[in-house]
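Undergrad: My questions will all concern the structure given below.
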Amino acid sequence: MNKRKTSFPKLSSITNRSFSLFKNLRYDGVKKVNHLNRNLSSDELIGIGLFISSIILLIILTYFGLNQSLWEDEIYTLDIVSKSFTDMVFTTAGNVHPPLYYIILMLAFKFSSWFSINNIVFAKLVSVIPLVLLLCFSFFRLRRDLGWLVTGIFGFCIITMPKLMIYGTQIRMYSWVMFFVTLSFYYSYKITKESNNRNWIIFNSFSLLAVYTHELQENSLKLLK
């Protein structure tokens, strides 16, 4: 019985084909990158660089902020959120600050058992959330409406604000009220461009959230009148 010989392609043929495929893929990749670079203006590249820098700085801010010791107002916050909801409402009714931030923190503590971190670190991370949301707002909204340069400048200016590394991670309402007031300002700008019901509802919603987060925000909102 004759055995049929199986023919295999030569190694040199396989190597040449692989090299040709790799060369084509590399050429296509370089072509796409060059095409992307040609489409990006210098302003857009600056904006992208500033936005990436903002993300890196926020990570650094968070790292150092989590290692700061507590001061008396933060201890007061932890004491308030340890109460029942009813007691918290009655306590804040006699306090200078509105209750919204304490409600946010109390709700966040409901999920703290999902994470293997202590309550102090978790509460500090809750204060970082608005800063992350501001960068998300910058990327998804400002980039679409005003372009990359404004996006990058906005994000960089927010994260490099004086003493943000101190106040941005404190167990207080400062970062949350900054988030609400900033979006109130933005939608007041949108109203000047297009005064429709949607923009007015969003503007009033964020203004109301700011009112119930910090008592001094009214000074900022007066500028919108």
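Undergrad: Out of region 55-87, which residues are assigned to a loop (DSSP other than H, G, I, E, B) and surrounded by 11 or more Cβ atoms within 10 Å (Cβ to Cβ)?
TA: Answer for region 55-87, where residues must be assigned to a loop (DSSP other than H, G, I, E, B) and surrounded by 11 or more Cβ atoms within 10 Å (Cβ to Cβ): LEU66, GLN68, LEU70, TRP71, SER82, LYS83.
Undergrad: Under the condition of being farther than 18 Å from ILE52 by Cβ, β-branched (Val, Ile, Thr) and in contact with a helix residue (DSSP H, G or I) (Cβ under 7 Å, 6 or more places away or on another chain), which residue from region 129-175 is surrounded by the fewest Cβ atoms within 10 Å (Cβ to Cβ)?
TA: Selected residue: ILE171.
Undergrad: Name the one entry in ASP73, ASP87, ASP43 that is of a type in the set (D, E, K, R) and over 21 Å from ARG172 (Cβ atoms).
TA: Being of a type in the set (D, E, K, R) and over 21 Å from ARG172 (Cβ atoms) holds for just one of ASP73, ASP87, ASP43, which is ASP43.
Undergrad: Also, quick follow-up: Which of the following residues is under 18 Å from the mean Cα position of the chain (by Cα), among the small types (Gly, Ala, Ser) and farther than 21 Å from THR77 by Cβ: SER127, SER116, SER138?
TA: One residue alone meets the criteria, SER138.
Undergrad: Something else: Condition test on ASP43, is it assigned to a helix (DSSP H, G or I), modelled with pLDDT of 90 or more and over 27 Å from LYS163 (Cβ atoms)?
TA: yes
The values are calculated or read from the model by the stated rules, or taken from the named source; none is laboratory data. Only a predicted model underlies this, so the values are computations on that prediction, with no experimental measurement involved. No Cβ is skipped: glycine too gets one built from the backbone with ideal geometry, and neighbour counts run over all protein chains shown.
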